[in-house]
Amino acid sequence: MTFNETEQREAAARGVRRGESGHFGGGPRGATGALIALDKELMKLLVRRATLVSRIREGRDQAVTPAAVRAEKEVRLAWEAGVVDFSRDPVFARQLFNLLQDIKVLSREQARNAGVFTLQPPRRPVSGVLHGPADIRAATMRILAASCLGSALRLEKLLPAPALLDAVKSCARAGIAATCDHTGDGFAAVRVEPGPALAPAGRTLFVGDDSLTAHIMIFTALKQSGTLRLNGGGRLKAADLSALRRVLPLFGARMAHVVPHSRGLPAVLECSGALPEQVDAPADLPLDALSALLFAPPFWNVPIKINLAAVPALTAAHALAEVRPLHETLGADAETSGPCVEYRPTPLSLPERVSVPLDPVLSAFLLALPFFAGGSVTLEGEWPEQMPPALEALRMLNHAGLELERDAVRIRARAAGSPPAFRAWSGGLSCNPSRGPAPLFLVMCAAGPGAVNADAEFALRLFEGEEQEQAREFLTHAGIIVDSAGGNTAAHASGRSCADNTPAAWTCPDAYRGMAYALAAFARPGLRLANPGTVSEVMPAFWKLYNSLPELKDPLPVSVPAHKETILVPAPADEEAAQPQAGKRRIRT
């Protein structure tokens with residue numbers, strides 16, 4: 001963000017003149033004190049602003065009433081009119097405004113309980129048979145497929161993750177009788193009632209923060225002529241959807257962003273309903289958009305061929321692996337020939353009860369527990385054989401010396417023998433390092449039994465650029481010394497506790513690195529995590545399972561009646577269990 005130079009000089013002068021603790025002058029100490037005082041004032045202003053935003057929204061997370069929408073628009077226009085005097089970067093200014101709008105104020109009780117989690121897992125062999133974490137992306141596709149057909153659907157034993165709730169709520173707002181409720185055992189069940197088929201065109205939809213749901217709504221709407229107005233949460237407002245602007249004209253449609261200089265939501269999609277016979281997918285189409293593009297054609301009821309030659313091979317393989325099982329279940333006529341997928345119209349049907357495969361990445365973290373602690377873990381559920389992350393996870397777990405047994409309904413991992421030197425790993429990390437099994441592989445190399453510094457160095461070399469810096473930061477916070485010259489020993493090699501040298505709490509950038517950090521605590525007990533809720537957003541039951549070690553148990557019942565149905569699963573009981581208690585350890589040994 002570039003500020004007006006005159007304003008910048010005046011602000012700096014005011015800050016320096018105030019000084020620090022009564023000290024005046026232009027030295028570093030005076031500027032530092034002025035910044036600290038200014039930051040405190042900014043925090044107070046942010047609290048006041050968040051309170052006013054909540055008042056405008058009538059206590060809701062988003063503006064839903066016409067009056068609230070008009071009020072937020074007026075505030076945004078005033079912001080954009082005023083920020084031009086200070087910034088020449090409209091994109092950053094817009095992103096900053098979205099961040100300010102998403103700030104929430106904690107109550108005093110919440111603030112007292114918002115402590116840091118100390119990770120202290122018992123180092124004893126694990127055991128347990130669990131219902132494995134279902135793939136929420138696969139569940140989302142099945143929910144939207146049933147909505148597109150207007151058919152009944154029952155899905156059970158799902159993770160009550162925000163992405164699932166966004167998908168159900170989006171369908172409900174589009175006129176589909178879709179509900180999600182707690183089943184009393186820590187899981188969620190989704191029910192879609194038979195009725196009119198999903199027709200997004202002509203509607204105004206709020207899709208939350210789930211990118212896959214938003215993209216499927218967009219591509220499903222292309223079969224009709226009309227206008228679809230989409231809005232979303234903070235993540236989709238800050239998202240870059242510019243790749244869609246290049247692919248939609250191929251379908252006789254165009255998307256216009258409502259906010260000037262924005263690349264995300266809100267946006268207006270105008271569809272002509274005139275679909276082509278062949279489309280070449282652009283190379284920069286992200287996974288969510290590509291999966292939605294491959295998902296939608298059977299519901300268009302027109303012959304079409306999609307050419308994936310320009311798409312990176314891994315992205316294309318991942319998207320095809322996601323949609324192919326669903327298309328087979330629907331009875332869709334989709335034939336893959338080389339880089340092309342050809343769709344022909346055919347009647348579709350979806351059984352009322354269909355299986356949802358395991359999430360391969362979340363499952364891999366649970367299956368890796370015997371590698372760190374010994375014992376065995378069995379997950380009930382269907383392993384997604386052809387998914388690239390699933391194939392890579394199996395390679396990693398096998399290379400870690402775990403014995404894997406699997407059939408159509410379960411997979412079991414058991415510790416056996418001595419773990420190998422990971423420097424013998426012959427493959428690369430082909431999956432997205434931030435989402436795929438890569439964080440798990442990093443922590444297995446650097447913090448596994450018998451790991452030495454050379455293993456951590458080897459793992460770091462598998463990352464490149466910014467991802468390598470993030471991996472190095474992860475190891476540093478985990479207390480693992482990585483010396484590029486190979487002269488140091490890893491700090492965790494002796495299994496030393498953090499008790500004598502309490503580490504600073506780490507704020508994990510995503511759920512997968514948060515779970516990897518939890519596994520690193522087996523090698524160095526006492527690691528501290530500042531934002532465990534990031535993990536809970538992706539896998540709400542993770543910390544309950546972590547707390548039940550060494551005997552893994554399915555999540556405990558929640559205090560919600562099993563018969564109560566609601567579009568949004570009540571969260572207080574889950575959130576309270578997932579939030580850290582000040583001064584308490586995550587695991588008691």
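The values are calculated or read from the model by the stated rules, or taken from the named source; none is laboratory data. Source: prediction; values computed, not measured. For neighbour counting, all protein chains shown are included, and Cβ atoms are generated from backbone atoms with ideal geometry for every residue, glycine included.
Points worth noting:
- Residue match in the stretch 359-372 (condition: under 24 Å from Phe542 (Cα atoms), over 27 Å from the mean Cα position of the chain (by Cα) and surrounded by 19 or more Cβ atoms within 10 Å (Cβ to Cβ)): no
- Residue check for Ala459: small (Gly, Ala, Ser), modelled with pLDDT of 70 or more and not in a loop (DSSP other than H, G, I, E, B): yes
- The residues on offer are Pro351, Pro297, and the sole one that is in the same structural domain as Val279 (by TED's automatic domain parsing) and free of Cβ contacts under 8 Å to residues at least 60 places away in the same chain is Pro297.
- Checked across the stretch 174-195, the condition of being under 20 Å from Gly264 (Cβ atoms) and within 22 Å of the chain's Cα centre (by Cα) holds for no residue.
- Cross-chain or 6+ apart pairs with Cβ under 6 Å, the stretch 211-237 first and touching a residue at least 12 places away in the same chain (Cβ under 8 Å) and more than 15 Å from Ser147 (Cβ to Cβ), then outside any helix (DSSP H, G or I) and charged (D, E, K, R): Thr227/Glu270; Gly233/Asp209; Gly234/Asp102; Arg235/Asp209; Leu236/Asp209
- In the stretch 297-330, the residues that are touching a Leu at 6+ places or on another chain (Cβ under 7 Å) and farther than 19 Å from Pro384 by Cα: Pro298, Trp300, Val302, Ile304, Ile306, Val311
- Just one of the listed residues (Val126, Val105) is in contact with a Pro (Cβ under 8 Å, 6 or more places away or on another chain) and β-branched (Val, Ile, Thr), and it is Val126.
- Leu326 meets the conditions (1) outside the structural domain of Glu551 (by TED's automatic domain parsing); (2) closer than 27 Å to Ala438 by Cβ; (3) touching a His at 6+ places or on another chain (Cβ under 8 Å) in every case but one. The failed one is (3).
- Filter result for Val259 (buried (at least 18 other Cβ atoms within 10 Å of the Cβ), β-branched (Val, Ile, Thr), farther than 30 Å from Pro389 by Cβ and touching a helix residue (DSSP H, G or I) at 6+ places or on another chain (Cβ under 8 Å)): yes
- Test: residue in the stretch 207-226 that is farther than 18 Å from Ser291 by Cβ and under 25 Å from the mean Cα position of the chain (by Cα): no
- Enumerated strands (runs of 3 or more DSSP E) restricted to the stretch 171-274, each holding at least 3 residues that are in the same structural domain as Lys544 (by TED's automatic domain parsing) and within 25 Å of Val302 (Cβ to Cβ): none
- Residues of the stretch 308-346 satisfying the condition of being modelled with pLDDT under 95, more than 22 Å from the chain's Cα centre (by Cα) and in a helix (DSSP H, G or I): Ala313
- Of the numbered criteria (1) over 27 Å from the mean Cα position of the chain (by Cα); (2) free of Cβ contacts under 8 Å to residues at least 24 places away in the same chain, the one Pro276 fails is (2).
- Qualifying position, being within 24 Å of Val535 (Cα to Cα), within 18 Å of the chain's Cα centre (by Cα) and in the same structural domain as Met217 (by TED's automatic domain parsing), among Leu165, Leu155: Leu165
- Unique match (being farther than 18 Å from Lys237 by Cβ and in contact (Cβ under 8 Å) with a residue 12 or more places away in the chain) among Ile36, Ile56: Ile36
- Complete set of residues in the stretch 82-115 that are at pLDDT 80 or above and not small (Gly, Ala, Ser): Val83, Leu96, Phe97, Asn98, Leu99, Leu100, Gln101, Asp102, Ile103
- Selection within the stretch 50-93 - at negative phi and under 26 Å from the mean Cα position of the chain (by Cα): Ala50, Val53, Ser54, Arg57, Arg60, Asp61, Gln62, Ala63, Val64, Val91, Phe92, Ala93
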